[in-house]
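The values are calculated or read from the model by the stated rules, or taken from the named source; none is laboratory data. A quick note: this is a predicted structure, and the numbers were derived from the prediction, not measured. With ideal geometry, Cβ positions are generated from the backbone for all residues, glycine too; neighbour counts draw on all protein chains shown.
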Amino acid sequence: MSRAFLGLLILAALIVPEWGPYSFDQQDIAQALATPSMKHWFGTDALGRDLFTRIFYGARISLWIGFMSATLAFILGSCLGMLGAYFGKLVDSLLMKAIDIIAIFPSTLMAILFSLVFGRGVFGILLALTLTTLTAPTRLSRALSLQIKQQEFIQAAWAMGATPWRILLRHLIPNIRQALLSAWILQVSTNMMAEGFLSFLGLGVQSPACSWGTLAHEGVSFLQSYPHLIVFPSLVLLTTSLALQNLEPS
């Protein structure tokens, strides 16, 4: 069910903004703040832009930031964790001290700080979320690598003269890949929600571009009179996050 939902969501994100009756930035002031109808399924915003189209355009940015930031954090963090566990001693000590220092600071405040430093927009949030979620995959990959490192088949590979890189690529990575993949899927959901939070605070992409958090930010001003402006993007964000959390890696 989760895979079917995510597949349909990605397909709609690719099709609706390009082939739908409205473009994501098309304005119609005469239809401003229209409630949901057959003409505008999710209603329109304060500038008369079709909310249905903008939600699926926003899916491109929200999903892309969630997937890319989690992927970059896990690639870099997994490599650091494996190298620290494999070479040990000084390398591992310095690495974990650096990770502990980063982990001291609240991730939300760090994400806000980085997004202000790197600038508001897709690139700034991508870097901010990548850097603030680096600690979890580093620690996970280090812990898993330390366990695998003590196994007999690793010792046998050493005895047979296998090079360090061969052991890493042929023995270590395949044995921790499944656990890392499961953690990565959860991190995608977490990062997507974090992007929504940052965009809701006004630190996200700028209009006319939008993400689900940006749409919720725009709709909060009309919460009492036109609740559909915040309900629909928030509902889609929550449903997608739950679908990701229930997704089982193959």
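So, of the residues in the stretch 79-120 that are within 18 Å of Thr133 (Cα to Cα) and among the aromatic types (Phe, Trp, Tyr), which turns out to be surrounded by the most Cβ atoms within 10 Å (Cβ to Cβ)? Applying the filter and picking the extreme gives Phe114.
Quick one: in the stretch 159-173, of everything that is among the hydrophobic types (A, V, I, L, M, F, W, C) and surrounded by fewer than 17 Cβ atoms within 10 Å (Cβ to Cβ), which residue is nearest to Ile148 (Cα to Cα)?
Taking the stretch 159-173 as the starting set, the residues that turn out to be among the hydrophobic types (A, V, I, L, M, F, W, C) are 159-160, 162, 165, 167-169, 172-173.
Add one more test, that the residue is surrounded by fewer than 17 Cβ atoms within 10 Å (Cβ to Cβ), and what stays is 159-160, 162, 165, 168-169.
On the way: Ala159: 16, Met160: 17, Ala162: 16, Trp165: 15, Leu168: 11, Leu169: 13 Å.
The selected residue is Leu168.
Beta carbons closer than 8 Å, at least 6 apart along the sequence or on distinct chains, pair a first residue in the stretch 195-217 that is closer than 20 Å to Val231 by Cβ and of a type in the set (Asp, Glu) with a second that is crowded, with 22+ Cβ neighbours inside 10 Å and at pLDDT below 85 for Glu195/Gly204. Residues of the stretch 152-168 that are without any contact (Cβ under 8 Å) to a residue 24 or more places away in the chain and of a type outside the set (Val, Ile, Thr): Glu152, Phe153, Gln155, Ala156, Ala157, Trp158, Ala159, Met160, Gly161, Ala162, Trp165, Arg166. Could you list, ordered by first residue, the pairs with Cβ atoms under 9 Å in which the first is in the stretch 1-28 and assigned to a loop (DSSP other than H, G, I, E, B) and the second is modelled with pLDDT under 90 and of a type in the set (A, V, I, L, M), at least 6 apart or interchain? These pairs meet every condition: Phe24/Ala209; Asp25/Ala209.
I'd like the residue in the stretch 1-36 that is polar (S, T, N, Q) and touching a Gly at 6+ places or on another chain (Cβ under 9 Å) and, out of all such residues, is surrounded by the fewest Cβ atoms within 10 Å (Cβ to Cβ). So that I can check it myself, show each step before the final result.
Within the stretch 1-36, the subset polar (S, T, N, Q) is 2, 23, 26-27, 31, 35.
Subsequent filtering for residues that are touching a Gly at 6+ places or on another chain (Cβ under 9 Å) retains 26-27, 31, 35.
On the way: Gln26: 15, Gln27: 17, Gln31: 17, Thr35: 11.
Selected residue: Thr35.
Restrict the check to the stretch 223-236 and report whether at least one residue is more than 19 Å from Ile112 (Cα to Cα) and crowded, with 23+ Cβ neighbours inside 10 Å. Working first, answer last.
In the first step, residues of the stretch 223-236 are kept if they are more than 19 Å from Ile112 (Cα to Cα); the result is 223-236.
Then keep just the ones that are crowded, with 23+ Cβ neighbours inside 10 Å; that gives 229, 233.
Looking for residues that are more than 19 Å from Ile112 (Cα to Cα) and crowded, with 23+ Cβ neighbours inside 10 Å, one finds at least one in the stretch 223-236, hence yes.
Could you name every one of the helices (runs of 4 or more DSSP H) located completely within the stretch 57-173 that has at least 2 residues being at pLDDT 80 or above and more than 25 Å from the chain's Cα centre (by Cα)?
Numbers: elements: 89-104, 107-118, 122-132, 135-149, 152-159, 164-167.
Those helices (runs of 4 or more DSSP H) span 89-104, 135-149.
If the condition is being among the small types (Gly, Ala, Ser) and closer than 14 Å to Leu168 by Cα, then the stretch 71-87 contributes Ser78, Gly81, Gly84, Ala85. Every test in (1) under 15 Å from the mean Cα position of the chain (by Cα); (2) touching a residue at least 12 places away in the same chain (Cβ under 8 Å); (3) under 26 Å from Arg3 (Cβ atoms) is passed by Leu238 save one, and that test is (2).
Checking each residue in the stretch 174-215 for being assigned to a loop (DSSP other than H, G, I, E, B) and surrounded by fewer than 20 Cβ atoms within 10 Å (Cβ to Cβ) picks out Leu201, Gly202, Gln206, Ser207, Pro208, Ala209. In the set (1) under 23 Å from the mean Cα position of the chain (by Cα); (2) of a type outside the set (A, V, I, L, M, F, W, C); (3) more than 25 Å from Leu140 (Cβ to Cβ); (4) surrounded by 15 or more Cβ atoms within 10 Å (Cβ to Cβ), the condition left unmet by Arg49 is number (1). Between Thr130, Thr135, the distinction of being over 30 Å from Ser207 (Cα atoms) and either surrounded by 14 or more Cβ atoms within 10 Å (Cβ to Cβ) or in contact with a Pro (Cβ under 6 Å, 6 or more places away or on another chain) (or both) belongs to Thr135 only. Conditions first: (1) part of a loop (DSSP other than H, G, I, E, B); (2) of a type in the set (D, E, K, R); (3) surrounded by 16 or more Cβ atoms within 10 Å (Cβ to Cβ). Arg54 passes all but one, so which condition is the exception? Of everything listed in (1) part of a loop (DSSP other than H, G, I, E, B); (2) of a type in the set (D, E, K, R); (3) surrounded by 16 or more Cβ atoms within 10 Å (Cβ to Cβ), Arg54 misses just condition (1).
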